[in-house]
1. If Lys86 satisfies all but one of (1) touching a strand residue (DSSP E or B) at 6+ places or on another chain (Cβ under 6 Å); (2) under 29 Å from Lys129 (Cβ atoms); (3) basic (Lys, Arg), what's the number of the condition it fails?
2. Look through Ser92, Ser102, Ser46 and report the one residue that is within 11 Å of the ligand (Cβ to nearest atom) and either of a type in the set (Lys, Arg) or in contact with a strand residue (DSSP E or B) (Cβ under 9 Å, 6 or more places away or on another chain) (or both).
3. Would you tally the residues in the range 2-45 being on the phi < 0 side of the Ramachandran plot and part of a loop (DSSP other than H, G, I, E, B)?
4. Taking Thr41, is it in contact (Cβ under 8 Å) with a residue 12 or more places away in the chain, farther than 19 Å from Asp100 by Cα, β-branched (Val, Ile, Thr) and surrounded by 11 or more Cβ atoms within 10 Å (Cβ to Cβ)?
5. Taking Arg132 as the residue in question, decide whether it is in a loop (DSSP other than H, G, I, E, B) and either in contact (Cβ under 8 Å) with a residue 60 or more places away in the chain or away from the ligand (no atom under 11 Å from the Cβ) (or both).
6. Only one of Glu113, Glu117, Glu77 is within 13 Å of the ligand (Cβ to nearest atom) and either crowded, with 16+ Cβ neighbours inside 10 Å or in contact (Cβ under 8 Å) with a residue 40 or more places away in the chain (or both); which?
7. Can you tell which of Leu62, Leu70, Leu107, Leu88 is assigned to a strand (DSSP E or B), of a type outside the set (Phe, Trp, Tyr) and surrounded by fewer than 16 Cβ atoms within 10 Å (Cβ to Cβ)?
Amino acid sequence: MSLVQWVDFPHLGDERGSLIALEANKTVPFEIKRVYYIYHTGQNVSRGYHAHKDLKQVAICLAGRCRMVLDDGDTREETWLDRPTKGLQIESMIWREMHDFSGDCVLLVLASEHYDERDYIRNYEDFLKLSRNVHHTPSR
Ligand code: TYD
């Protein structure tokens, strides 16, 4: 299965313009405990470079665009986030990097947990070791 999994949001727009509503456990497949947004990102700045042990996220580009790289330790895939009508699902134990932010990019992120630095894996070698353990632990 592709690492790039989208949630398509129902569009509630009419002749006046567009509207999208996000609801926990409905349009967004978890209880939303935290929302943050990234904007005014400097030119040639890349962000992310971490994975989360438990946290799940959905990233939505409300304006502009950026390029997201996702890596599960075996496969690396990338995609552009460039429209507010769909959200990119980022499961736990996925290394993510964000590149090529346009000057007007506003990236909204919905998170399943409160901020907790202990949930971060910020070293790629540590991530690879942990993801191999996760994927290769016998189920018994
Ligand atoms: P950082 O993890 O470096 O952002 P990114 O992975 O998108 O490049 O976060 C920048 C700073 O903000 C860092 O000091 C942690 C802090 N932070 C919070 O306090 N709460 C949050 O919800 C997030 C996402 C970051």
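1. Result: Lys86 fails condition (2) only.
2. Values: Ser92 fails: within 11 Å of the ligand (Cβ to nearest atom); Ser102 fails: within 11 Å of the ligand (Cβ to nearest atom).
Only one candidate passes the filter, namely Ser46.
3. Residues in the range 2-45 being on the phi < 0 side of the Ramachandran plot and part of a loop (DSSP other than H, G, I, E, B): 25 in total.
4. Numbers: in contact (Cβ under 8 Å) with a residue 12 or more places away in the chain: yes; farther than 19 Å from Asp100 by Cα: no; β-branched (Val, Ile, Thr): yes; surrounded by 11 or more Cβ atoms within 10 Å (Cβ to Cβ): yes.
Criteria not met by Thr41.
5. Working: in a loop (DSSP other than H, G, I, E, B): no; either in contact (Cβ under 8 Å) with a residue 60 or more places away in the chain or away from the ligand (no atom under 11 Å from the Cβ) (or both): yes.
For Arg132, the condition - in a loop (DSSP other than H, G, I, E, B) and either in contact (Cβ under 8 Å) with a residue 60 or more places away in the chain or away from the ligand (no atom under 11 Å from the Cβ) (or both) - is not met.
6. Every option except Glu113 fails the conditions.
7. Working: Leu70 fails: surrounded by fewer than 16 Cβ atoms within 10 Å (Cβ to Cβ); Leu107 fails: surrounded by fewer than 16 Cβ atoms within 10 Å (Cβ to Cβ); Leu88 fails: surrounded by fewer than 16 Cβ atoms within 10 Å (Cβ to Cβ).
Step by step, each of Leu62, Leu70, Leu107, Leu88 is checked, and only Leu62 is assigned to a strand (DSSP E or B), of a type outside the set (Phe, Trp, Tyr) and surrounded by fewer than 16 Cβ atoms within 10 Å (Cβ to Cβ).
Conditions tested, residue by residue: (1) farther than 16 Å from Trp80 by Cα; (2) surrounded by 10 or more Cβ atoms within 10 Å (Cβ to Cβ); (3) within 14 Å of the ligand (Cβ to nearest atom).
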position: Asp8; (1), (2), (3): no, no, no
position: Leu12; (1), (2), (3): yes, no, no
position: Ala24; (1), (2), (3): yes, yes, no
position: Ile32; (1), (2), (3): yes, yes, yes
position: Tyr37; (1), (2), (3): yes, yes, yes
position: Leu55; (1), (2), (3): yes, yes, yes
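Read the figures in this text as sums done on the coordinates, not as results from a lab. Everything quoted here is computed from the prediction, not taken from an experiment. Cβ atoms come from the backbone with ideal geometry, glycine included; neighbour counts cover every protein chain shown.
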